[in-house]
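The values are calculated or read from the model by the stated rules, or taken from the named source; none is laboratory data. Given the structure is predicted, the values throughout are model-derived calculations rather than measurements. Counting neighbours? That spans all protein chains shown, and the Cβs are built from the backbone with ideal geometry, glycine included. Areas reflect the complete protein model, heavy atoms only, side chains present, ligands, DNA and RNA absent. Shrake-Rupley method; radii C 1.70, N 1.55, O 1.52, S 1.80 Å.
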Amino acid sequence: MIVWTAAGICLFSFMNVLVYRLPRNMNFLTDRSRCPFCGRTLGWRDLIPVVSWLLLKGRCRYCGEKISLRYPLTELWGGICSLLCAEFWGVSRSGGIMLIFLALLTAVSQIDQETMEIPDELNALILFAAVLSLLSDGLAAAHLGGWALAGRVAGERLMGMACVSIPMFLLILAIPGAFGGGDVKLMAGIGLFLGWRRCLVSFMTAVMAGGIYGGFLVLTGRKGRKEHFAFGPFLCAGAGLAAFWGDQILSWYLGLMG
């Protein structure tokens, strides 16, 4: 479990790299890590997740500028997510794919909050993770109940890919600016990963939370009624919540309706 948790922390540490480099059109595989203030190349001692930030007391070793608290918090969040995945799916292939999904959602949230844009590269990676999840769950279903059950799993996932993203796209055509194009692509990937039931829970949660947040911004004068705010973080939070407890939330809601 220690190795599993450490892997989650390291994975989310790499998400910090994506969050910094993608909006700046930097190569996230080959470029060296540098201090954003003084430009000095960072060594391995400066890049140990969480530990380096603590040892350096949150400051660059070379110029003394403050290192954002976001870096260690994101890495610690990775450790928490790895433990949650292990609790729900065990230290397994499914748990690993889910951990990757949560890491990508975290990166999308932070970039969209900072730039009001969702990089196509991250949406493509989420879609790829969804395909991996579909193949993994489909093979497991085929082993347990035959190819008919695997077909039902695939059908539910494909419905999830379309059930929210297509209405969002049509709404954009009717009301330009209602959502961003990145949001539509994001929901397509989330839907393929979660399936239509949990995808609907994800989207409803995001709309409710986003509506409350938007109302708060308007009431406090931070945004005008026609101004936009980043909706991606709410979509990602809703997806994360639905991934773990979507079925229970849907059952609770249907129970209230009944």
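Results, tabulated for the structure shown:
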| quantity | calculated |
| --- | --- |
| Condition check for V50: β-branched (V, I, T) and within 23 Å of I190 (Cβ to Cβ) | no |
| Among the candidates L149, L132, L170, residue that is of a type in the set (A, V, I, L, M, F, W, C), free of Cβ contacts under 8 Å to residues at least 24 places away in the same chain and over 22 Å from L250 (Cβ atoms) | L170 |
| Answer from A130, A154, A150, A141 - the residue that is aliphatic (A, V, I, L, M), closer than 23 Å to P233 by Cα, in a helix (DSSP H, G or I) and in contact with a Gly (Cβ under 9 Å, 6 or more places away or on another chain) | A130 |
| The stretch 156-181 - residue that is at pLDDT 95 or above and among the small types (G, A, S) and, of those, surrounded by the most Cβ atoms within 10 Å (Cβ to Cβ) | G160 |
| Residue in the stretch 102-121 that is on the phi < 0 side of the Ramachandran plot and without any contact (Cβ under 8 Å) to a residue 12 or more places away in the chain present | no |
| Failed item in (1) under 27 Å from P119 (Cα atoms); (2) at pLDDT 85 or above; (3) open to solvent by 20 Å² or more (accessible area, probe 1.4 Å), with G224 passing the rest | (2) |
| Filter result for V153 (under 23 Å from L104 (Cβ atoms), surrounded by 18 or more Cβ atoms within 10 Å (Cβ to Cβ) and out of contact with any Phe, Trp or Tyr (no Cβ under 8 Å at 6 or more places or on another chain)) | yes |
| Answer from T41, T30, T74 - the residue that is of a type in the set (V, I, T) and touching a residue at least 60 places away in the same chain (Cβ under 8 Å) | T74 |
| Members of the stretch 159-212 found to be in a loop (DSSP other than H, G, I, E, B) and not aromatic (F, W, Y), listed by number | V164, I175, P176, G177, A178, G180, G195 |
| Any chance W245 is more than 18 Å from the chain's Cα centre (by Cα), of a type outside the set (G, A, S) and surrounded by fewer than 20 Cβ atoms within 10 Å (Cβ to Cβ) | no |
| The stretch 198-217 residues that are over 22 Å from A188 (Cβ atoms), paired with ones that are modelled with pLDDT of 95 or more and surrounded by 23 or more Cβ atoms within 10 Å (Cβ to Cβ) (beta carbon under 8 Å, 6 or more apart) | Y213/F234 |
